[in-house]
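Working notes, beginning with the structure itself.
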């Protein structure tokens, strides 16, 4: 009987030891799984794709100047290992003002053509591309390299792009700070009494290139207190129009793209536009491009609306207010100040 009790106790102790061992093994596996889960995040990009990213994201390739500007606004430009090819000297003044090393980074392609092999060789943790380069994604996915496709063609979509990058790079507080700044200015513009002047905004190649309601330029005009005369155009890209169409719209104001290859004088002296209201009243202005083009979908595009409101309603949006806001923005998110002549005053 005593032998039986002793044997029973030994068996029970062995069983308890086994149970404890199993418990700690299972606990360890769960802890490892939780740790693994904590190091990944799954988000939906602007093309509707589900993308899983391993953290931390330390090496980023940006194949689009818009996402490059967003990365700088988030304060993580030091994580860039390559950028778009159109960032040659003088093209993106903001790069040199934020961090000169950005302009020296490898170039991987344009919004139409990407050097995928060069990107892969740089071993990125994340690649950010414009949606029009969606055909290149498969090669990255085969190698487990996450890719964000972005399409910031409105003020809201621009913020969405910033939030997307922020989630992947653990910079959400910075993105929220940006959102608050931009929202404050948009609410300020929306609160102003205005009569919605008819505005025509040109593209880069010619005065006969414009944008419809589905493009960011239309948002810029709307928040600036104007009405885009081409809002009936539904194309997602710029469109060509005729002189006859432009004269039929007969805008009160013509805004020339920041990167346009022509000037205000070219428009004012064009005899085919002599009967246009904007030309008659000399209400033709070229968007400034001291640092970056505000009529493109960069994070600072809302400043383009502020600039336009100053031109349309100078008694309501003063030059002083515009200057002050621009300085605050670039100081807060890019770390430098500049004056309205484009001189850096760090």
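The values are calculated or read from the model by the stated rules, or taken from the named source; none is laboratory data. Computed from a prediction, not measured in an experiment: that's the story for all the values here. Quick reminder, even Gly has a Cβ in these numbers, built from the backbone with ideal geometry, and neighbours come from all protein chains shown.
Structural remarks
- Exactly one residue out of 266, 235, 198, 270 is on the phi < 0 side of the Ramachandran plot and free of Cβ contacts under 8 Å to residues at least 24 places away in the same chain: that is 235.
- Exclusive hit being buried (at least 16 other Cβ atoms within 10 Å of the Cβ) and outside the structural domain of residue 218 (by TED's automatic domain parsing), set 131, 123: 131
- Restricted to helices (runs of 4 or more DSSP H) entirely inside region 51-169, those with at least 1 residues that are within 11 Å of the chain's Cα centre (by Cα) and without any contact (Cβ under 8 Å) to a residue 24 or more places away in the chain are 155-169.
- For region 274-342, the helices (runs of 4 or more DSSP H) that sit wholly inside it and include 1 or more residues that are under 23 Å from residue 93 (Cβ atoms) and touching a strand residue (DSSP E or B) at 6+ places or on another chain (Cβ under 7 Å) are 302-312, 319-334.
- Boolean, residue 281 is at pLDDT 95 or above and surrounded by fewer than 16 Cβ atoms within 10 Å (Cβ to Cβ): yes
- Taken across region 89-96, residues that are modelled with pLDDT under 95 and touching a strand residue (DSSP E or B) at 6+ places or on another chain (Cβ under 6 Å) do not occur at all.
- Inclusion of residue 203 among residues that are in contact with a helix residue (DSSP H, G or I) (Cβ under 8 Å, 6 or more places away or on another chain), closer than 21 Å to residue 293 by Cβ, in a loop (DSSP other than H, G, I, E, B) and modelled with pLDDT under 95 is not warranted.
- Filter result (assigned to a loop (DSSP other than H, G, I, E, B) and out of contact with any strand residue (DSSP E or B) (no Cβ under 8 Å at 6 or more places or on another chain)) within region 207-239: 214, 215, 231, 232, 234, 235, 236, 237
- Residues of region 224-254 classified as surrounded by fewer than 22 Cβ atoms within 10 Å (Cβ to Cβ) and more than 19 Å from residue 275 (Cβ to Cβ), total: 11
- Just one of (1) touching a helix residue (DSSP H, G or I) at 6+ places or on another chain (Cβ under 9 Å); (2) modelled with pLDDT of 95 or more fails for residue 81. It is (1).
- The condition of being over 21 Å from residue 330 (Cα atoms) and in the same structural domain as residue 131 (by TED's automatic domain parsing) holds for only one of 150, 221, 209, that being 150.
- For region 255-271, taking the residues that are out of contact with any strand residue (DSSP E or B) (no Cβ under 9 Å at 6 or more places or on another chain) and surrounded by 14 or more Cβ atoms within 10 Å (Cβ to Cβ), the one that is modelled with the highest pLDDT is identified as 270.
- Yes/no for residue 195 being part of a loop (DSSP other than H, G, I, E, B) and loosely packed, with under 15 Cβ neighbours inside 10 Å: yes
- The set of residues in region 170-180 being surrounded by fewer than 17 Cβ atoms within 10 Å (Cβ to Cβ) and assigned to a helix (DSSP H, G or I) consists of 172, 173, 176, 177, 179, 180.
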